[in-house]
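Structure first, commentary second.
The values are calculated or read from the model by the stated rules, or taken from the named source; none is laboratory data. Remember, predicted model here, so these are calculated numbers, not experimental data. Positions of Cβ are backbone-derived with ideal geometry, glycine not excepted, and every protein chain shown enters the neighbour counts. Remember, those area values only see protein heavy atoms, side chains included, never the ligands or the DNA or RNA. Shrake-Rupley method; radii C 1.70, N 1.55, O 1.52, S 1.80 Å.
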Amino acid sequence: MAYEGILLGMGNPLLDISAVVDDDFLTRYDIKLNNAILAEDKHLPMYDEMASKYIVEYIAGGATQNSIRVAQWMLQIPGATSYMGCVGKDKFGEEMKKSAKQAGVNVQYYEVGTATGTCAVCVVGGERSLVANLSAANCYKTEHLKRPENWALVEKAKYFYIAGFFLTVSPESIQLVAEHAAAKNKVFMMNLSAPFICEFFKDAQEKALPYMDYVFGNETEARTFAKVRGWEISQLPKASGTHKRITVITQGADPVVVAEDGMVKTFPVIVLPKEKLVDTNGAGDAFVGGFLSQLVQEKPIGDCIRAGCYAANVIIQRSGCSYPEKPDFK
């Protein structure tokens, strides 16, 4: 099987500004742990404050980009994955390009005059909270996707993965890719991504839902989705009848829940002693990346989940969404 360009991701490329902060910092900026929000005006000073007061790490991030990087790392096949999103023509944008290329991902960024997006990763006691200042990431346009050299990546890919966060930026791009996947019998996947997406972007999410062959999320997002729409995610109508929808919900240290065809199965995760936990940032993204690395090889769902749990387990023992040079997944 030819793996070049088999998996394509689209999303909001953000440079993660990660630091261990304290409870006082969270309170002052009205931030809750285990949450992901978009920055409001009141949050803007926190980026500088983090850089000046705490020990900060800069890591190429953004939910979809994390998952694609992890899938690429697990696959160890150069150029198996591609990624599109929007960055600024600045040093953060350059950093991101360098980091993605090192990871072996074929990135095609749309470059604009706005500053590259950043995400504050505030870590307290190993738990994280994300505050994203989208900036350039918010400027993605379908015209970039439609350029012949970029649409060629869509034509080449057999699997598509997009985090729900991209619904706030370019639902038209999502729709174009989703319709292509349904027409060509390819696999289209999305993530619920955050409670606010399920609540405030539910119309855009609803439009993309019929195309989703796989839906990923964690227990908090699934609960919010259920509050808005009921629990039957895996049984909502589909645009193409070829693939049944499979819903995969992670619950931190608790088992992964998989719903398929009205049947629910659970899979245990790898238990990590508390003292080995560094931070949970990127754990969900890494799980998806690991899962995708086996899915594109047409492995059974049990193997996909095992790879997802393996990748998440590696990531939470390190700072940010980073990993050793080679995986040792069997």
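Scanning region 275-313 for residues that are open to solvent by 10 Å² or more (accessible area, probe 1.4 Å), aliphatic (A, V, I, L, M) and assigned to a helix (DSSP H, G or I) returns 283, 295, 301, 312. Residue 160 satisfies every condition listed in (1) more than 15 Å from the chain's Cα centre (by Cα); (2) closer than 19 Å to residue 63 by Cα except (1).
Could you list, in sequence order, the residues of region 314-326 that are outside any helix (DSSP H, G or I) and either open to solvent by less than 20 Å² (accessible area, probe 1.4 Å) or in contact with a strand residue (DSSP E or B) (Cβ under 9 Å, 6 or more places away or on another chain) (or both)? Result: 319, 320, 321, 322. The residue pairs whose first member lies in region 254-279 and is within 30 Å of residue 237 (Cα to Cα) and touching a residue at least 12 places away in the same chain (Cβ under 8 Å), whose second member is part of a strand (DSSP E or B) and among the charged types (D, E, K, R), and whose beta carbons are closer than 6 Å, counting only pairs six or more residues apart or on different chains, are 258/265.
When the criteria are applied in full, residue 208 fails the requirement of being assigned to a helix (DSSP H, G or I), farther than 18 Å from residue 83 by Cα and over 19 Å from the mean Cα position of the chain (by Cα). Looking only at residues of region 118-155 that are assigned to a loop (DSSP other than H, G, I, E, B) and modelled with pLDDT of 95 or more, we find that the one that is surrounded by the most Cβ atoms within 10 Å (Cβ to Cβ) is 140. Close Cβ contacts (under 9 Å, 6 or more residues apart or on different chains) running from residues in region 206-221 that are farther than 18 Å from residue 244 by Cα to residues that are in a loop (DSSP other than H, G, I, E, B) and open to solvent by 40 Å² or more (accessible area, probe 1.4 Å) comprise 218/34; 218/252; 219/252; 220/34; 220/35. Take the conditions part of a helix (DSSP H, G or I), surrounded by fewer than 21 Cβ atoms within 10 Å (Cβ to Cβ) and without any contact (Cβ under 8 Å) to a residue 60 or more places away in the chain and apply them to residue 181. Does it pass? For residue 181, the condition - part of a helix (DSSP H, G or I), surrounded by fewer than 21 Cβ atoms within 10 Å (Cβ to Cβ) and without any contact (Cβ under 8 Å) to a residue 60 or more places away in the chain - is not met.
The listed residues are 271, 264, 257, and the only one of them that is surrounded by fewer than 22 Cβ atoms within 10 Å (Cβ to Cβ), in a loop (DSSP other than H, G, I, E, B) and either in contact with a Leu (Cβ under 9 Å, 6 or more places away or on another chain) or of a type in the set (A, V, I, L, M, F, W, C) (or both) turns out to be 271. Only one of the numbered conditions (1) at pLDDT 95 or above; (2) open to solvent by 10 Å² or more (accessible area, probe 1.4 Å); (3) within 28 Å of residue 243 (Cβ to Cβ) is not met by residue 77, and that is (1). Screening region 14-116 for helices (runs of 4 or more DSSP H) wholly inside it with 1 or more residues that are in contact with a Leu (Cβ under 9 Å, 6 or more places away or on another chain) and of a type in the set (A, V, I, L, M, F, W, C) returns the ranges 23-28, 63-75, 91-102. The listed residues are 49, 94, 57, 4, and the only one of them that is modelled with pLDDT under 95, within 20 Å of residue 291 (Cα to Cα), surrounded by fewer than 24 Cβ atoms within 10 Å (Cβ to Cβ) and among the acidic types (Asp, Glu) turns out to be 4.
Per-residue answers, yes or no, for (1) open to solvent by less than 10 Å² (accessible area, probe 1.4 Å); (2) under 15 Å from residue 36 (Cα atoms):
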residue: 161; (1), (2): yes, no
residue: 187; (1), (2): no, no
residue: 193; (1), (2): no, yes
residue: 196; (1), (2): no, yes
residue: 202; (1), (2): no, no
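Would you mind finding the one in 35, 106 that is open to solvent by 10 Å² or more (accessible area, probe 1.4 Å), closer than 25 Å to residue 191 by Cβ, touching a residue at least 12 places away in the same chain (Cβ under 8 Å) and in contact with a Phe, Trp or Tyr (Cβ under 8 Å, 6 or more places away or on another chain)? Among 35, 106, only 106 is open to solvent by 10 Å² or more (accessible area, probe 1.4 Å), closer than 25 Å to residue 191 by Cβ, touching a residue at least 12 places away in the same chain (Cβ under 8 Å) and in contact with a Phe, Trp or Tyr (Cβ under 8 Å, 6 or more places away or on another chain).
Answer yes or no as to whether residue 104 is within 27 Å of residue 159 (Cβ to Cβ) and at pLDDT 90 or above. When the stated conditions are applied, residue 104 passes them. Looking across region 226-254, just one residue is assigned to a helix (DSSP H, G or I), of a type in the set (Lys, Arg) and touching a Leu at 6+ places or on another chain (Cβ under 9 Å), and that is 229.
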